Amino acid sequence: MAMSVPLSRLSRRSVLRLAGGLGAAAVAGPALVACGDSSGSGSGPSKSASLRFMFWGSDDRVKRFQKASTAFTDKNPTIKVSPEFGDIDAIETKITVAMSGKNLPDVFWVTSDLLPQLVAGGHVMDLTSHLGAGKGIADAGFSDAIKAPGRLDGKQYAMTHGLQSIGLFAKKNVLDEVGIPVKNYPDSYTWDEYAQISAKIHSAKGDKFFGTDDPNTGGAADWFGAYARQHDQDMWAENGDLGFTKDLMTEWLNYWKNLRDTKASVPTALALEQNPYFEGAPMIRGLAAYHMRNSNQMLELQGLTKDALVLMPCPGNGGAGTKAIALSPNMLCVAANTKNPDAALKFADYLLNDVDRAKIIGTTIGAPPTQTVRDAIATSVTPAEKQFLTYIGFEAGAKTRPVRGGLATSGAFSSDMVKAWKNLAYDKASIQQTVDLIFGDLRTKLLKK
Amino acid sequence: MALINEVQQAARGRARGRRSRIAYLFLLPWIAGVLLITLVPMVTSLYLSFTDYRLGTSPRFTGLENYRRMFSDPDFLAAAGVTAKYVFISVPLQLTFALAIAVLLNQGVRGLAIYRSVYYLPSLLGGSVAVAVLWRQLFSSTGLVPELAGKLGIQMGSWISEPAHALDTLIILHVWTFGSPMIIFLAGLRQIPEELVEAAKVDGAGAWRRFTSVILPLLSPVVFFNLILQLIGSFQAFTQAYIISAGTGGPANSTLFYTLYLFVTGFKNFEMGYASALAWILFVVIGMLTAINFVAARYWVHYED
């Protein structure tokens, strides 16, 4: 009824009340709306093969992929490719929303955490019957270990697009100054050596310089995964349950507590005042000698410092530990409901096998999955990229145990576990409490159907 | 004559009907928008809040399970606590600051338009990614704020990554964006009849007495309006915490705003059913607080009419 009052007769009271009410509705509504089920619309049937390709990465990577997409269309004039991009978190969100709205891009990257969810919902194409010469995607040179991360229940749902793994970066001049040797495959530091070296660097370089950053608080669960594999355990058991013991987790957390206590690692608050990777990495900020991150970041990290960087194996992954090496590649999927399956497979094949494409993209997405393509681009890359190619070449050829995928809830579990590790590092919880949480509530959530 | 009247009435009726149809035609995009992108998703989310629904799967009805779960969810309790602290500290601080500046600007300063624009600017930028990034730099251990504090002999580390202080930086950011309520206060102050203030002055009332006994009561509807808007807006703060904590609500949950937790639950952990329940609790809490404020307003808000 208030709406029928002529505007000229509105009192101050009614205007304010109306505005307040509208304000409440306008401001509170979106939170509810955001959780509603939005059904996205597809791009509609089209006779011309028009593909959407979604990936994540930096501006440089975007430019490279735009160029590669144009080069593909030049070779295949009937197929137009529209790249869609953003940072990894934004893309993950976009993919989950698109998955819900059945509006996934034709070809897209996927994280290993998200893949089980996509497979469970039937959103990605089973590529098994499309692999092989003349079948859609040529897979010559893709070893079983390279294909394993994209395989679930014996079927190939994703293909490795860029090979990467964890790697230990260091400023060579700091190591030389303190008298610490560089380790290359097949050797590596042991974990005990790494703790001693990191403490030694702190002693030698003064109070404001530390040996290493802490991958646990840096948000990278892969390093614990490597530690587990070195102890013949794993992140995930065959049934999707936790693949490691309480004792191992306790040992790992004690190891890093010791590094924090001895100031061998960067204090948590100092490390996390910036996002602890790329320009925010303590090593790049001049706070630490070592940086524990993904090996394919070699080119970008080298671009952020004038000091020469070296890329070394994860402690414990050398010597007798090479069987523990695990690749965590960028993977490529084709949407199950793509309207242009042949064109999508052709584009996927181009992204995976074309040498010209590989030269355009370089190593920013990781190394090409096959040795043939890696060799083909080796002559046109920078020394930093060459280091990375040598590194990943060893890992790709190593005899390793297969990596097991997790359940659809594994991504959320990993995030929660990293959060628990951070709380521990901030002394908000004890090691015992952290382990109990991981094996209690977090495990229950992981296993919830 | 009667026939002419009937014909005229019929013509007027047809014209009114035509005008109504045209009006509804113009309203149609808005009505369709409200229905399709507000009401339907709202009703859907209400239903989903009673289900176990992970993105990409089918919802399974679980009754009140999501609502029960909240009481034993430490992150929910942390998020509620952080948000309550943020709202109940930052909103009064911001409104006080905005009112103080508005009163100062209402003293007939020269170049008022410039001051008004300059002070309003942070309101436009406050919720933006750029300012959140700037804030992160300002309060890091090597940032401008610790450096200035150091020159004054105050040692402060990185507030951004210290659980004890991270939320303080977000409260300061919120207070800094006082421009929007300030503009509204200024407009309200300008509407206060000058003769009432002059009369109080003639009666011997000092500046403070004039402010508390004349200006503030007359301004109370505007204070109320600002309070409601800021209260609701603060409950839904998201961008600042998302950027400053890199989407985690850290360090150690110290900036885990309710909306951030809702986002993480829905779009990172894919628990859309639980996220919907979280959204509805927020809606209900905001609604209740708004209602309480409207009731309380009877005792302190004075309208001229």
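Quick notes on this structure:
- Förster radius 25 Å - calculated FRET efficiency between residue A:250 and residue B:75 (Cβ-Cβ, nearest 0.05): 0.60
- Burial ranking of peptide ranges A:398-407, B:177-186 (average Cβ count within 10 Å, highest at the top): B:177-186, A:398-407
- Chain lengthening between residue B:302 and residue B:149 when straightened (0.36 nm per residue, less Cα-Cα): 50.8 nm
- Using Cβ point charges alone (K and R +1, D and E -1), the dipole size of the protein assembly as shown about the Cα centre works out to roughly 2240 debye.
- Put the Cα centre of the range B:1-76 next to the Cα centre of the range B:105-130 and the gap is 38 Å.
- Among B:140, B:254, B:117, the largest mean-square fluctuation in a Gaussian network model of chain B (Cα springs under 10 Å) belongs to B:117.
- Listed residue pairs exceeding 20 Å between alpha carbons, taken from A:102/A:155; A:147/A:183; A:323/A:422; A:75/A:359; A:63/A:102; A:135/A:155: A:102/A:155; A:147/A:183; A:323/A:422; A:63/A:102
- Under the simplified labelling scheme, the residue B:205-residue A:138 pair shows an inter-label distance of 8.9 nm, with each label point 7 Å from Cα along Cα→Cβ.
- Across the alpha-carbon atoms of the range A:368-427, the computed radius of gyration and Dmax are 18.1, 50 angstrom.
- Taking every full run of DSSP H in chain A, the ones that stretch at least 30 Å from end to end by Cα along their long axis and average -0.5 or higher on the Kyte-Doolittle scale are A:12-34.
- Accessible surface of residue A:422 - all protein chains present, 1.4 Å probe, nearest 10 Å²: 40
- DSSP bridge analysis restricted to the protein assembly as shown gives an antiparallel fraction near 60%, rounded to the nearest 5.
- Averaged over peptide A:81-92, the number of partner chain Cβ atoms lying within 10 Å of each residue's Cβ comes to 1.
- Theoretical gain in end-to-end length, residue A:73 to residue A:262 [0.36 nm per residue, Cα-Cα removed]: 62.4 nm
- Considering only A:175, A:389, A:259, the Gaussian network model of chain A with Cα springs below 10 Å gives its largest mean-square fluctuation to A:175.
- For a straight C-alpha distance cut-off of 19 angstrom, the aspartates and glutamates reachable from residue A:205 (same-chain residues fewer than eight places away being disregarded) are A:176, A:177, A:193, A:213, A:214, A:261, A:307.
- Annotation: residue A:111 carries an accessible surface of approximately 20 Å², with a 1.4 Å probe and no ligand, DNA or RNA atoms counted.
- Based on the convex hull around the alpha carbon atoms, the range A:286-371 presents an average projected area of 8.6 nm².
- Label positions at residue A:386 and residue A:308, each projected 7 Å from the Cα along the C-beta direction, are separated by 1.1 nm.
- Size of electric dipole in chain A: Cβ of Lys, Arg +1 and of Asp, Glu -1, about Cα centre, debye, nearest 20: 1320
- Projecting the alpha carbon convex hull of the range A:65-160 along each direction and taking the average yields 7.2 nm².
- Computed over the protein assembly as shown, the ratio Rg/Rh where both radii use C-alpha atoms and Rh is Kirkwood: 1.04
- Hz values of 3J(HN,Hα) by residue in the range A:431-437 - Karplus curve (6.51, -1.76, 1.60), Gly and Pro given as x: 4, 4, 5, 5, 5, 4, 5
- Put simply, the range B:190-245 fits an ellipsoid with semi-axes of 37, 11, 8 Å; these come from the alpha carbon gyration tensor as the roots of five times its eigenvalues, largest first.
- Under 19 Å from residue A:445, Cα to Cα: aspartates and glutamates that are on another chain or at least 8 residues apart: A:113, A:234, A:238, A:241, A:416, A:436, B:52, B:65, B:73, B:75, B:271
- What separates the Cα centres of the range A:337-361 and the range B:259-305 is a distance of 47 Å.
- Nearest-20 debye value, chain B charge dipole, Cβ charges on Lys, Arg, Asp, Glu: 880
- Pairwise centroid distance, computed over Cα atoms, of the range A:66-120 with the range A:138-174, Å: 19
- Given a 1.4 Å probe and the protein chains as shown, residue A:342 ends up with an accessible area of around 120 Å².
- Accessible surface computed residue by residue for the protein assembly as shown, with neighbouring protein chains in place and a 1.4 Å probe, gives 46 Å² per residue.
The values are calculated or read from the model by the stated rules, or taken from the named source; none is laboratory data. Just so it is clear, the model here is predicted, and its values are computed rather than measured. Cβ atoms come from the backbone with ideal geometry, glycine included; neighbour counts cover every protein chain shown. What goes into the accessible areas is simple: the full protein's heavy atoms, side chains included, and nothing from ligands, DNA or RNA. Shrake-Rupley method; radii C 1.70, N 1.55, O 1.52, S 1.80 Å.
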